[in-house]
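Everything below concerns the one structure shown next.
What follows is calculated from the coordinates using simple rules that are stated; it is not laboratory data. As the structure is a prediction and not an experimental result, all values here were calculated from the model. Don't worry about glycine lacking a Cβ; one is built from the backbone with ideal geometry, like all the others, and counts go over all protein chains shown.
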Amino acid sequence: MLQMKSQKLFTLALSCLLLLETPFTSMAAPSVSTPEAPGAAITASANSTDSGTNSLTLTSSAKAAKSASLKLNKTSVTVYTENTYRLKVSGKSSAKITWKSSKSKIATVDKNGTVTGMKPGKATITASLPGAKASCEVTVRKNPHKLNRESQILILGDSATLYLSNVSKEDSVSFRLADPSSEVVDITSSGNKCKITAENPGTVTLEAVCTTLENNQKITSKGVCTVQVLEKGIDQQQVSMAVDTAKSFTLDNIEKPGFTITNTSWASSNSQIASVTPTSGIVTGKQPGSAQITATVNYSDGTSSTFPTTVRISDPEITSSSTVLSLGKTRKIKLTGTNAFSTVKWKVKKSSLATIKEDGTVTAGNTAGKTTIIAQVDGKTIKHQLIVTNPQLTSTSKLLAVGKKIKVPLTGISSKSKITYKSKKTSVAKVDKSGRITGRSAGSTDIIINADGVSFKFHVDVASKRALQACKTGYKIMYSSSYSQGRRMSSGYYDCSSLVFRAYGCDSKLLGGTSSWAPTAASMAAHLERSGKVIAYKGIDSSKLLPGDLIFYRMRRGSNGRYRNIYHVSMYYGDGYRLEKPLRAYYKESNITMIARPLKK
């Protein structure tokens, strides 16, 4: 019985002691082995002696495995759609790394850490090991760089020029053949253009690589074009023609040694789309669509050969009659009705006014004026008016009476300019779509103007008509009278409070006092406070003041026993000045103790 109890206690002790790696001696039990970290084990052995002594020994067979570490070469990266970026891992571990994307619809990642941009957005790529993780935030942007052709067919000896769109001066562009040893075509490149010349029959892939440096990261995009070279056939391969245009199709390298060509006939698979004269091979575009043109060549030995090509008919047009751009602004001309085979050539008649890229992106220069953009599309000439404007404000602010209307002083625009107006505080002033501003109540606001892509801010101060008239009346009294506190209410004399009082028409209800006697500056301030006309109890920026506002000053030292220790009042005249003789600049002086606005309408 004692031995059974001893074994039960031993088993309980063993379950605890197996967590330890140091030798331990206890009661007897059978030998036990348990796994530890990879590459390590703990062995427990027990012995029982005749004297009843039990012993347990725990031994670690290996050191614990080191914890895994993992680090990526980038914590954030930007890729373009349909392009890739290879994330690299550093760290110590023999385990296999697992890669995962938080949003596979935006960016995918393969087992090697190669990230592919799927659509614009953000995703987190995580590399994982047992006990370790590392992440990289991936921003996917729409690829702005495209080759103008995804495929090109050429007859032996012919050539074509491809270009990569939306390339800036800072971008690095290179062209290469996917198979460097290929002799199918010869390529010569300059900037974003590459001329390919058919050298030998066959097929090869042309790659265009554009590298953009952004935030110290190189963003690479790749465009591909499959080039096929035919030994002989119709020269006009993958051709597009505009409706109502005609083109003469020709054959090349069709001679047969020792024999002559007896005749050649032409046919269209759909003459309602594209017709062709049977004998001369002149193709005419009828309506948008696709048709196959086939030339049949008969030889003097009685044999014949057929040579097909596909023609697509386009109906190109520029959707608007004109484009208006302000100086330095850029916009892409919207061309519709084209197809994958279309060829477009752009030109600005007056290059001093604007420049235009192969994809129709026009940039206005530094001079305003009018010119014509000419687009040659599949044999059709399209003309489009370009107006370059130089919008400006002749002034940036205006004082306006309640109910008064003024027009935003915007110049340098065209009748076709796109202009928007918006008032930040419609309760103070509203503005209509023609730029006419109407003062509604006393206060200040900004009118936000956008003219042909250029933004402006026009500041409007709105004051009551009475307040504006008070400024004019006060100015007239001040310069036609003399300062005298003793004779303050007599004709030809004034002091600070009587000047303000008389400027407002001796309105005792508005300012206090009686109709025949002006209140002191302190009494006037107390009356305005009781009337709820105070807008500040300290100096404020002049941009927040309106003509007719009253500024009250306290004594800097001592006390006069009056309300707020006020000894002087001055009227804000506008444009940063207050009504003193002579006019004095307004400053946020420390002894300004109150500012009131007697009238709001």
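Values as computed for the structure displayed
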quantity	calculated
Mean separation of Cα contacts under 8 Å, 6 or more apart, over the residue count of the chain: relative contact order %	6 percent
Point-charge dipole on Cβ atoms (K/R +1, D/E -1) for region 317-389, about Cα centre, debye to 20	220 debye
Loop-resident sites, region 292-384, for trypsin sites (Lys or Arg not before Pro), counting at most 15 other Cβ within 10 Å (DSSP)	K334, K349, K350
Set of lysines near K96 by C-alpha distance (under 24 Å), chain-local residues within fewer than 8 positions excluded	K63, K66, K71, K74, K88, K111, K133
Dipole of the chain [Lys/Arg +1, Asp/Glu -1 at C-beta], most positive-end residue of S490, V204, T343	S490
Taking V311, V224, V297, V402 and counting other C-beta atoms within 10 Å, the order from fewest to most	V224, V297, V402, V311
Sorted peptide list for 576-583, 594-601, criterion being average Cβ within 10 angstrom, highest first	594-601, 576-583
Magnitude of the charge dipole, the chain, Cβ model with Lys/Arg +1 and Asp/Glu -1, debye to 20	4940 debye
Computed [θ] at 222 nm, deg cm²/dmol, the chain (DSSP H ≥ 4; -39,500 (n - 2.57); rounded to nearest 500)	-2500 deg cm²/dmol
Tensor-based shape of region 83-180 (alpha-carbon gyration tensor, a/c under 1.5 rounded, otherwise prolate or oblate)	prolate
Coil-residue chymotrypsin sites (Phe, Trp or Tyr not before Pro) of region 228-332, DSSP, other Cβ within 10 Å capped at 14	F259
For region 392-463, alpha-carbon Rg and Dmax in angstrom	11.5, 35
Cβ-based exposure ranking for R466, R530, in which fewest neighbours within 10 Å come first	R530, R466
